[in-house]
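For reference, the structure discussed in these notes is given below.
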Amino acid sequence: MQKENVKQLLDTALEQNPNLFLIDLQIKPANQILVVIDGDESVSVEDCMQISRAIEHNLDREKEDFSLEVTSAGATSPLLMSRQFKKNIGRKLEVHTENEKYEANLEAANEENITLRWKTREPKPVGKGKVTVKKEVILPYKEITEAKVKIKF
């Protein structure tokens, strides 16, 4: 199975629905094709079926047998692309870097970095007790080792 052929079919299908974008494409042994997509809004079962059909109907099973699985990035899947961060602005994330871990609200995201904000209780500069302090950090994507949306129950 030629990965380039599958990628070309996938790109054409995604062009027809610009809300969707590719997260991962794998072709495993025995021609098992795995596609993971995400969307700027959400990804429906119909979206996955549309992408699946666009690939499946343009590959010849007579030449090569294959299996095809098209899924959406799960709610607990790590965020990997700037488009995923952008769609989650306003949500609470858990973000890991080489040396730090942040649990904060995603305030902004662009092509280079994200902005996280949170509140913390710290000792008062003078006297006893604690005071609430607002914190902010701007993290370049290259420093992020893992980022996930914190799901509220």
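Which condition does residue 124 not pass, out of (1) in contact with a Ser or Thr (Cβ under 8 Å, 6 or more places away or on another chain); (2) open to solvent by 80 Å² or more (accessible area, probe 1.4 Å), if it passes all the others?
It fails just one condition, (1).
So the check is Cβ under 9 Å with 6+ separation or different chains; which pairs have a first residue in the range 109-132 that's farther than 28 Å from residue 147 by Cα and a second one that's at pLDDT below 95 and assigned to a loop (DSSP other than H, G, I, E, B)?
123/129; 130/124; 131/124; 131/125
Pull up the range 74-105, narrow it to residues that are within 14 Å of the chain's Cα centre (by Cα) and among the hydrophobic types (A, V, I, L, M, F, W, C), then point me to the one that is most open to solvent (accessible area, probe 1.4 Å).
80
Can you pull out every residue in the range 10-53 that is open to solvent by 40 Å² or more (accessible area, probe 1.4 Å) and assigned to a helix (DSSP H, G or I)?
Scanning the range 10-53 gives 11, 12, 15, 16, 29, 30, 45, 46, 49, 50, 53.
Any residue that is among the small types (Gly, Ala, Ser) and touching a residue at least 24 places away in the same chain (Cβ under 8 Å) - is there at least one of those in the range 87-96?
no
Can you tell me which of 59, 93 is within 30 Å of residue 32 (Cα to Cα) and out of contact with any helix residue (DSSP H, G or I) (no Cβ under 7 Å at 6 or more places or on another chain)?
Criteria check complete, one pass: 59.
If you scan the range 116-134, which residues turn out to be in contact with a Lys or Arg (Cβ under 7 Å, 6 or more places away or on another chain) and assigned to a loop (DSSP other than H, G, I, E, B)?
Result: 124, single match.
The values are calculated or read from the model by the stated rules, or taken from the named source; none is laboratory data. Worth saying up front: this structure is predicted, and the values here are computed from it rather than measured. When we count neighbours, we look across all protein chains shown, and the Cβ atoms used for this are built from the backbone with ideal geometry, even at glycine. The area values use the complete protein model at the heavy-atom level, side chains included, leaving out ligands, DNA and RNA. Shrake-Rupley method; radii C 1.70, N 1.55, O 1.52, S 1.80 Å.
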